[in-house]
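Notes to accompany the following structure.
None of the figures in this text is laboratory data; all of them are computed from the coordinates on show. Predicted model only: the values in this text are computed from it and were never measured. Note: ideal-geometry Cβ built from the backbone for every residue, glycine included; neighbour counts use all protein chains shown.
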Amino acid sequence: VQFEDFCSQFWQIAKRQGSVSLELEGGCVTVPPGADPAEFMRGLGRGQDGVKMELGHGTTTLAFKFKHGVIAAADTRSSCGSYVACPAAQKIIPIHRHLVGTTSGKATDCAMWKRILARECRLYELCNKQPLTVAGAAKLLASSLYRYKGLDLCVATTLCGWDRHGPALHYVYSDGTRMTGDIFSVGSGSPYAYSILDSEYHYDMTVEEAYALARRAVYHATHRDAYSGGNVDLYHVTESGWVKVSREDVFPVYYQVQEEKKEGEEQNT
């Protein structure tokens, strides 16, 4: 099916049936409702020939080390330009029993490379009778991604784990970049999350304080960043492994923060 013919057929069916799906021989194609699909698809053209399709995307993920382990948190909105493809995506992916990774970038790239890393971690443990360290997993992922530099991969991940050296946090990007640190936030909402983390983070937090800080940082980012939203996923990695603490809607967090602000203003007056 030629591009123009496809768009013409799609728009006619959408107007007649109120549907935004077109059945083709190879399957079903879906694009956002509310606009002419031909114009929507044409607006994605980039480059000299106008054939490279680029969809704007964003997210908010964060992770930090503290006295009781490593916290990882993320929103759940998956976006393609102005289209919210999924409001409940999984942006924190378990890799091994001691290791999870946040995902930022293209969802398919992130999911595929996390599966590859999970396989390699399992094979390493079977061959060496001990789990791969977090630093080793980060180095393996970075070196693997570097071979595909310039081929339009988009993977930005923070590996959060606990190994024989203690809690560890490593950032890896698809161009081979690899960094270690105590706090990382990645995605379009990261500047807003950093504003909360930088002002309230300290290493000696209690577990409940760390949970509240992570939720509040993601909430603040979803409130300011249009590409972030949905829920807040929260994971805690300890010496015994990772645990999924919660998935909470951002709206209750919003009302909680507003109530705290109101109480603070009343106390000041």
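Give me the net charge of residue 217's neighbourhood, meaning all other residues with Cβ under 14 Å from the Cβ of residue 217; Lys, Arg count +1, Asp, Glu -1.
-4
For segment 225-232, what does the Karplus curve 6.51 cos²θ - 1.76 cosθ + 1.60, with θ = phi - 60°, yield as ³J(HN,Hα) per residue in whole Hz, taken in order and with x for Gly and Pro?
Here the 3J(HN,Hα) series is 9, 5, 7, 10, x, x, 10, 10 Hz.
Quick check on segment 122-185: take the gyration tensor over C-alpha atoms, sort the square-rooted eigenvalues as a ≥ b ≥ c, and tell me if it's rounded (a/c under 1.5), prolate or oblate. Spell out each step's value before the answer.
On the way: a/c = 3.09, a/b = 1.35, b/c = 2.29.
Because a/c hits 1.5 or more and a/b fails to exceed b/c, segment 122-185 counts as oblate.
Please give the net charge around residue 115, taking every other residue with its beta carbon less than 13 angstrom from that of residue 115, where Lys and Arg add +1 and Asp and Glu add -1. Kindly include the intermediate steps, with their values, before the conclusion.
Numbers: positive: 114, 119, 122; negative: 109, 120.
Taking every Cβ under 13 Å from that of residue 115, the sum is +1.
Normalising by the residue count of segment 168-269, find the relative contact order in percent from Cα pairs under 8 Å and 6+ residues apart.
Normalised by residue count, the contact order of segment 168-269 is 18 percent.
Classify segment 61-257 as rounded, prolate or oblate from the Cα gyration tensor: take a ≥ b ≥ c as the square roots of its eigenvalues, call it rounded if a/c is under 1.5, otherwise prolate when a/b beats b/c and oblate if not.
Numbers: a/c = 1.85, a/b = 1.23, b/c = 1.50.
In terms of gyration-tensor shape, oblate.
What order, most packed first, do the peptides 191-198, 142-149, 71-78 have when packing is the mean number of other Cβ atoms within 10 Å of each residue? Provide the component values of the computation, followed by the final result.
Values: 191-198: 18.8, 142-149: 14.8, 71-78: 27.5.
Peptide ranking by packing, descending: 71-78, 191-198, 142-149.
Whole-Hz ³J(HN,Hα) for each residue in segment 175-184, computed from phi via Karplus 6.51 cos²θ - 1.76 cosθ + 1.60 with θ = phi - 60°, x for glycine and proline: what do you get?
After applying 6.51 cos²θ - 1.76 cosθ + 1.60, I find 8, x, 4, 9, 9, 10, x, 9, 9, 9 Hz.
Of 114/244; 91/261; 114/139; 67/261, which pairs sit farther than 24 Å apart, going by alpha carbon to alpha carbon? Write out the running numbers ahead of the final one.
Values: 114/244 18 Å; 91/261 30 Å; 114/139 13 Å; 67/261 28 Å.
Going by Cα-Cα distance, 91/261; 67/261 fall outside the 24 Å limit.
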